[in-house]
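Structure record follows, encoded as structure tokens.
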Amino acid sequence: MTNSEIRTPFELDLLVKAQSLKTTKPPSPWEHETIISANGVLACGWDQGENIILISGSGYSVTEPITGLCLHRERDKELTEDCVSEDRLTFHSPISKKSTSIFGLEAGDGIHVTSDGWQVEVIYPWWPRATVVLDYLFTPRYSHLSNAIAIDIQRLDSAIKCGFSPSGKHLMIMGSGGALIYSRKE
């Protein structure tokens, strides 16, 4: 009998760690939670004021991350599509006339590490179900997933994407049903 396992012992150990993570809310300082419900979200990003841009097949919105207040909602699908770059990596706001990087299902990838050591990533220990893990890298003898927190994303569906705002003050996790934002306590 031959062993058909193709994963290394290190990879198997990492899988056990990933599968043992319990979902919870993020730790301090990520104490403020905002939920934005939206249908068919394809991409998202942060404008120059670090407001949330959500792009869907039915337009786009701009939302304040702490209050969840919708600052602008555009339902013109064609205008929205015209604002997304051909390579799907930037959104050119018709209001501010500025471009912003976007990430998502039909876009680029988000910012995954802050300057002060927080890291976020999507992993699949129970494929096809996604798990979002938040970890603090600046710890003595850091080991991947040893101190990670699995964030409860039960309300999100489809493929999951995540990223920090440029300042690192906010974390957005998006799925086709909207976004979950965690902000640092000020």
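The values are calculated or read from the model by the stated rules, or taken from the named source; none is laboratory data. Because the structure is predicted, anything quoted here is derived from the model rather than measured. Cβ sites come from the backbone with ideal geometry, for glycine too, and all protein chains shown count toward neighbours. Ligands, DNA and RNA are excluded from the accessible area calculation, which covers all protein heavy atoms including side chains. Shrake-Rupley method; radii C 1.70, N 1.55, O 1.52, S 1.80 Å.
Please go through the stretch 13-59 and give me each residue that is aliphatic (A, V, I, L, M) and open to solvent by 60 Å² or more (accessible area, probe 1.4 Å), ordered by number.
Across the stretch 13-59, the qualifying residues are V16, I35.
When you go through S4, S28 one by one, which is the residue that is outside any strand (DSSP E or B), at negative phi, of a type in the set (G, A, S) and modelled with pLDDT under 90?
Within the list S4, S28, the selection yields S4.
Here is a check on your reading of the model: is R155 open to solvent by 10 Å² or more (accessible area, probe 1.4 Å), in a loop (DSSP other than H, G, I, E, B) and in contact with a strand residue (DSSP E or B) (Cβ under 8 Å, 6 or more places away or on another chain)?
For R155, the condition - open to solvent by 10 Å² or more (accessible area, probe 1.4 Å), in a loop (DSSP other than H, G, I, E, B) and in contact with a strand residue (DSSP E or B) (Cβ under 8 Å, 6 or more places away or on another chain) - is met.
Please find, within the stretch 32-63, the residue that is farthest from L171 (Cα to Cα) out of those that are under 16 Å from the mean Cα position of the chain (by Cα) and part of a loop (DSSP other than H, G, I, E, B).
Among those that are under 16 Å from the mean Cα position of the chain (by Cα) and part of a loop (DSSP other than H, G, I, E, B), it is G40.
Within the stretch 60-81, is even one residue polar (S, T, N, Q) and farther than 25 Å from L156 by Cα? Steps first, answer last, please.
Applying the first criterion (polar (S, T, N, Q)) to the stretch 60-81 yields 61, 63, 67, 80.
Cutting the leftovers down to farther than 25 Å from L156 by Cα gives us none.
No, every residue in the stretch 60-81 fails to be polar (S, T, N, Q) and farther than 25 Å from L156 by Cα.
Pairs only if they're at least six apart or on different chains, beta carbon under 7 angstrom, first in the stretch 133-150 and closer than 16 Å to D116 by Cα, second among the small types (G, A, S) and part of a loop (DSSP other than H, G, I, E, B); list them, first residue then second.
Close Cβ pairs satisfying both conditions: L134/A148; D135/A148; Y136/G117; L137/G117; F138/G117.
Taking the condition of being part of a loop (DSSP other than H, G, I, E, B) and open to solvent by 40 Å² or more (accessible area, probe 1.4 Å), how many residues in the stretch 113-136 meet it? Spell out how you get there, then give the answer.
Taking the stretch 113-136 and keeping what is part of a loop (DSSP other than H, G, I, E, B), we get 114-117, 127-128.
So of that shortlist, the ones also open to solvent by 40 Å² or more (accessible area, probe 1.4 Å) come out as 115-116, 127-128.
Summing the residues that are part of a loop (DSSP other than H, G, I, E, B) and open to solvent by 40 Å² or more (accessible area, probe 1.4 Å) in the stretch 113-136 gives 4.
Which of (1) on the phi < 0 side of the Ramachandran plot; (2) open to solvent by 50 Å² or more (accessible area, probe 1.4 Å); (3) within 19 Å of the chain's Cα centre (by Cα) is the odd one out, the single condition R88 does not satisfy?
(1)
Look at P94 and say whether it is assigned to a loop (DSSP other than H, G, I, E, B) and either of a type in the set (V, I, T) or under 15 Å from the mean Cα position of the chain (by Cα) (or both).
no
For the stretch 143-157, indicate whether the set of residues that are over 26 Å from P27 (Cβ atoms) and either basic (K, R) or in contact with a Lys or Arg (Cβ under 7 Å, 6 or more places away or on another chain) (or both) is non-empty.
To start, the set of residues in the stretch 143-157 that are over 26 Å from P27 (Cβ atoms) comprises none.
Checking the stretch 143-157: not a single residue is over 26 Å from P27 (Cβ atoms) and either basic (K, R) or in contact with a Lys or Arg (Cβ under 7 Å, 6 or more places away or on another chain) (or both).
Which of the residues spanning the stretch 52-103 are in contact (Cβ under 8 Å) with a residue 12 or more places away in the chain and aliphatic (A, V, I, L, M)?
Those that are in contact (Cβ under 8 Å) with a residue 12 or more places away in the chain and aliphatic (A, V, I, L, M): I52, I53, L54, I55, V62, I66, L71, L79, V84, L89, I95, I102.
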